[in-house]
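The values are calculated or read from the model by the stated rules, or taken from the named source; none is laboratory data. This structure is a prediction, so every number in the text was calculated from the model and none was measured. Methodologically, a virtual Cβ is constructed for each residue, glycine included, from the backbone with ideal geometry; neighbour enumeration extends over all protein chains shown. Heads up: the accessible areas ignore ligands, DNA and RNA and are worked out on the full protein's heavy atoms, side chains in. Shrake-Rupley method; radii C 1.70, N 1.55, O 1.52, S 1.80 Å.
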Amino acid sequence: MKKVLLVIFLMWVVGYVSAQTKTENSIVGTVLDGASKQALPYGTVTIFKKGSKKVVTGTTTDKDGNFNLTDIPSGIYSIVFENIGYQAFTLNEVDLTKKDAIVDLKNILLNVNKGTLEVVKIVSKTKLIENKLDKLVYNAEKDVTSQGGVATDVLKKIPQVSVDVDGNVQLSGSSGVKFLINGKPSTAFGSNIADVLQSIPSSQIKSVEVITNPGAKYDAQGLGGIINIILKTNNTKGYNASISLTGGTRSENGSFNFNERNNNFGVSAFFSGNKRLPSNTSSNNYRVTTVDNTISTLDQQSNSRYIRQGYQTGAGFDWTYKKLNNFSGNFSSNLFESNGNGYTNQLLRQDISNTGSIASLINSGNKYVYNGIDAGLNYKRTFKKEGQELDAGFNTSPGNNNGHSYSEQYFLQPDSLYYGTRSYNPAKTTESQFTIDYTQPLHQDITLGVGGKISSYNINSSSNVNSYQPFVKDYFQDSSLSNNLTYKQKVYATYAELSFPVAKLFDAKIGGRYERTEINSYFSNAQQQVKIPGYNTFVPSLFLSRKIGENQSIRISYSKRIERPEYDDLNPFINTSDPKNLSTGNPYLQPEIGNRYELGYSNDFGKIGSGMISLFYRTNDHDIQPYIFYYPSYLVGDSVYTNVSVSTRQNIGKENNVGLNLFGNFHFTPKLDVRTNAFFFWRHTINAIDTGYDNNSFNYRLNINASYQFTNTLVAEFFGNFSSARHEAQGTYPSFTYYSLAIRKQFWKKKGSLALTATNPFSEYLNQKTIVKGTNFTVNGERKIPFRSIGLNFTWKFGKLEFKKKTEDRDTNLSAPSGV
């Protein structure tokens, strides 16, 4: 019924707007190279009133050299055509005095400027942060302090995005973020997002798109929204390449990019790698429990050593056939690996009124390896009618996860091994999707988009656990801890989206997305196999925007989102590496549903700078959060664990958030730029599991980024960030302070550069304090994390042509192929 009502409403809007909108004069044509007759993309077309130097309107040519100017008042005009490296051409006496005239100029030929250098370099004036209708774009390649870092260093600087000390990302205060690379999902993000993000060098990143209220065209998955990481590419004739190498005290990374294009065919290749050098982290956890008026304490002092590394490599092609057909494909291979080992000294006092205590030592270690492939093939068909497009694509991402871990627990007096586990956890994951999107201009400034998508997510995993038997002093398979699972998820989606002006009041985009989710799962260790019924999700979206004069705009948006639990959240495997602190998944989790409303305002102050304000309100039902339960005794198979806490995931109830984001970019002098961002939100959590444990909290994040251009080739930057303590249903997680300094010198005619970066140079460690409270227990924790880092980055660009277009892409959605 909702689908029928949506279609009826869209038809009514089309009819209404068509009746209200008046057409006026338009000019179309194609700009070509005068000698080769090849299309000239991204040139400028400017219209002047006859006998006047005042610009009436203008546009740029698309990638095929086409242009389309509409809504031109009646009159006689002069038109100037320009493109880099070509002589400007002026066409005079263009007559548009007839009502609703459509003038087709056919082909406009430009001659090469003979004084043009063989190598042309265009420097873009693109802003570091761009605020578009339905997304925010952070142009990372313009950021000096991120050059020697990784993806998480880039994300820390983006408004509404926060990253904690462990690399976990939140968007507008929500950890439910859908990550994409070049507009496509990857199974790598399903393994450990923090590891993946810290294995992508920032030198590989062109820009990051943040979509807090995705439209109907995008997947409904991702409660907080979508973060799309765009890697560097080049679409200009000729070849170019770049090399970036970074050495540092905490991490090392490098990348290589190569692009070549000859007329309508282009190829690209890349390699990037990152290594997080070994670091030691110490921690202290003190748990107090009260059961039947008996107080017990558990004091754990730990030290761990950790290392992370990974690489990505791949290639792609792009081919335009007969001007209107474009084929593109990509293939990449990924490998991410982490290793850790450490020890914990443990003191357990069963009753603090009794002086007796039990001292023990835990030795533990783990290794995790992910290797996978991302591959895709896409087809795009354009038509002679401006804005009419058909997109179709298939993408697949198979991957293998392998986890190894061990744990040994000894009594200190006498020194004897009394508990131990060794586990091996292989898994295979495959995520595939087929998308089709069609865009049809219905009338002047009215566009209808429709499409569909079929996606599948399959997991086969097993956990093989051997437990130590003290009586025989050997390890044997433990059937109560070993398990296997099969998880198959399919989502069928269709959507419709309409963009149109409402009289002269505002521009609107409305849409609806319907998704059918089918899940078939099997968990061998679940007490009861639960058949998860398929469910339907209707996701409406609305965007309204209005320009106020030339420099100001206001927008209102709404979207509904869903957060489906991942298989790690559902997997009932019980991790017993620390017998006093167990962890397990919850196969009974329900999807989390969110509704988000946003009001935004932006103002461009010209030479002074720009500013943005956004206010949002979000509600989450069936809110999923990590949750800890305390048990005096807990049965796992034939084993009983005493005085134990169990960490899992729960639908705790409902969560409401209201927040405000302020961003300003100020040009104090021609050399000094300062950017600042402040994000505040109030959270109210209604706990349906433990009545009386509702939570109200105020959270905020502040940062400042200043850059100073000493000379044309020497620039310095400072970035500082503070995130307040984060409050969840059961406790308070620590605040986070981060700052960095960087200076970059360019040479070899700006083809080469050296950048020196320093992160928290005056403090070697971060002290992180955590308080978690639940029924019958309180845990106070503190970690001492090494964070100081100094690095040196070298970048070299070479090739026959380097070109960066000055204008924005025509597509107002993701920069990568559509259908996300």
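Residue pairs whose Cβ atoms lie under 7 Å apart, sitting 6 or more positions apart in sequence or on different chains, and linking a residue in the range 694-710 that is without any contact (Cβ under 8 Å) to a residue 40 or more places away in the chain and over 15 Å from residue 665 (Cβ atoms) to a partner that is open to solvent by less than 70 Å² (accessible area, probe 1.4 Å) and not in a strand (DSSP E or B), are 695/729; 700/724. Out of the residues in the range 725-757 that are among the small types (Gly, Ala, Ser) and under 28 Å from residue 785 (Cα atoms), state the one that is most open to solvent (accessible area, probe 1.4 Å). If we take residues in the range 725-757 being among the small types (Gly, Ala, Ser) and under 28 Å from residue 785 (Cα atoms), then 735 is most open to solvent (accessible area, probe 1.4 Å).
Considering the conditions (1) over 30 Å from residue 422 (Cβ atoms); (2) charged (D, E, K, R); (3) surrounded by fewer than 16 Cβ atoms within 10 Å (Cβ to Cβ); (4) modelled with pLDDT under 90, residue 564 is excluded by exactly one of them, (3).
Tallying residues that are touching a Phe, Trp or Tyr at 6+ places or on another chain (Cβ under 7 Å), closer than 30 Å to residue 307 by Cβ and either of a type in the set (D, E, K, R) or without any contact (Cβ under 8 Å) to a residue 60 or more places away in the chain (or both) within the range 259-277 yields 2. Just a yes or no: is a residue in the range 460-481 crowded, with 20+ Cβ neighbours inside 10 Å, acidic (Asp, Glu) and more than 30 Å from residue 417 (Cα to Cα)? Looking for residues that are crowded, with 20+ Cβ neighbours inside 10 Å, acidic (Asp, Glu) and more than 30 Å from residue 417 (Cα to Cα), one finds none in the range 460-481, hence no. When the range 586-598 is limited to residues that are modelled with pLDDT of 85 or more and out of contact with any His (no Cβ under 9 Å at 6 or more places or on another chain), the one that is most open to solvent (accessible area, probe 1.4 Å) turns out to be 597. Under the condition of being hydrophobic (A, V, I, L, M, F, W, C) and either on the phi > 0 side of the Ramachandran plot or open to solvent by 30 Å² or more (accessible area, probe 1.4 Å) (or both), the residues counted in the range 80-102 number 5.
Before we move on, is residue 548 at pLDDT 90 or above and of a type in the set (A, V, I, L, M)? So residue 548 does not fit the description; no.
The set of residues in the range 567-585 that are open to solvent by 40 Å² or more (accessible area, probe 1.4 Å) and either under 22 Å from the mean Cα position of the chain (by Cα) or closer than 17 Å to residue 657 by Cα (or both) contains only 568. Considering the range 556-593 alone, what residues qualify as being in a strand (DSSP E or B) and more than 30 Å from residue 406 (Cα to Cα)? Scanning the range 556-593 gives 556, 557, 558, 559, 560, 561, 562, 563, 592, 593.
The one condition from (1) open to solvent by 30 Å² or more (accessible area, probe 1.4 Å); (2) within 30 Å of residue 447 (Cα to Cα); (3) not hydroxyl-bearing (Ser, Thr, Tyr) that residue 303 does not meet is (2). Filter the range 758-783 for residues that are closer than 30 Å to residue 716 by Cβ, part of a loop (DSSP other than H, G, I, E, B), open to solvent by 20 Å² or more (accessible area, probe 1.4 Å) and not charged (D, E, K, R) and give the result. Result: 761, 762, 763. Could you tell me whether any residue of the range 496-518 is closer than 30 Å to residue 583 by Cβ and either surrounded by 21 or more Cβ atoms within 10 Å (Cβ to Cβ) or under 34 Å from the mean Cα position of the chain (by Cα) (or both)? Yes, the range 496-518 has at least one match.
Selection of first residues in the range 311-322 that are touching a residue at least 12 places away in the same chain (Cβ under 8 Å) and open to solvent by 50 Å² or more (accessible area, probe 1.4 Å) and of second residues that are in a strand (DSSP E or B) and β-branched (Val, Ile, Thr), restricted to Cβ pairs under 6 Å at least 6 apart or on distinct chains, gives the following pairs, ordered by first then second residue: 317/267.
When residues in the range 79-90 are screened for being over 28 Å from residue 504 (Cβ atoms) and out of contact with any Gly (no Cβ under 7 Å at 6 or more places or on another chain), 8 of them pass. Please find, within the range 57-79, the residue that is nearest to residue 319 (Cα to Cα) out of those that are crowded, with 16+ Cβ neighbours inside 10 Å and among the β-branched types (Val, Ile, Thr). Only one residue tops the list, namely 61.
Please go through (1) closer than 30 Å to residue 641 by Cα; (2) open to solvent by 50 Å² or more (accessible area, probe 1.4 Å); (3) within 26 Å of the chain's Cα centre (by Cα) for residue 380 and return the number of the only condition it doesn't satisfy. Answer for residue 380: the failing condition is (1). Quick one: in the range 286-295, of everything that is open to solvent by less than 60 Å² (accessible area, probe 1.4 Å) and modelled with pLDDT of 90 or more, which residue is nearest to residue 311 (Cα to Cα)? In this case the residue turns out to be 287.
Going residue by residue through the range 413-427, is there one that turns out to be open to solvent by 60 Å² or more (accessible area, probe 1.4 Å) and within 30 Å of residue 70 (Cβ to Cβ)?
No, the range 413-427 contains no residue that is open to solvent by 60 Å² or more (accessible area, probe 1.4 Å) and within 30 Å of residue 70 (Cβ to Cβ).
Considered as a group, the residues in the range 543-553 that are out of contact with any Leu (no Cβ under 8 Å at 6 or more places or on another chain) and buried (at least 16 other Cβ atoms within 10 Å of the Cβ) include one that is nearest to residue 460 (Cα to Cα), and that residue is 544.
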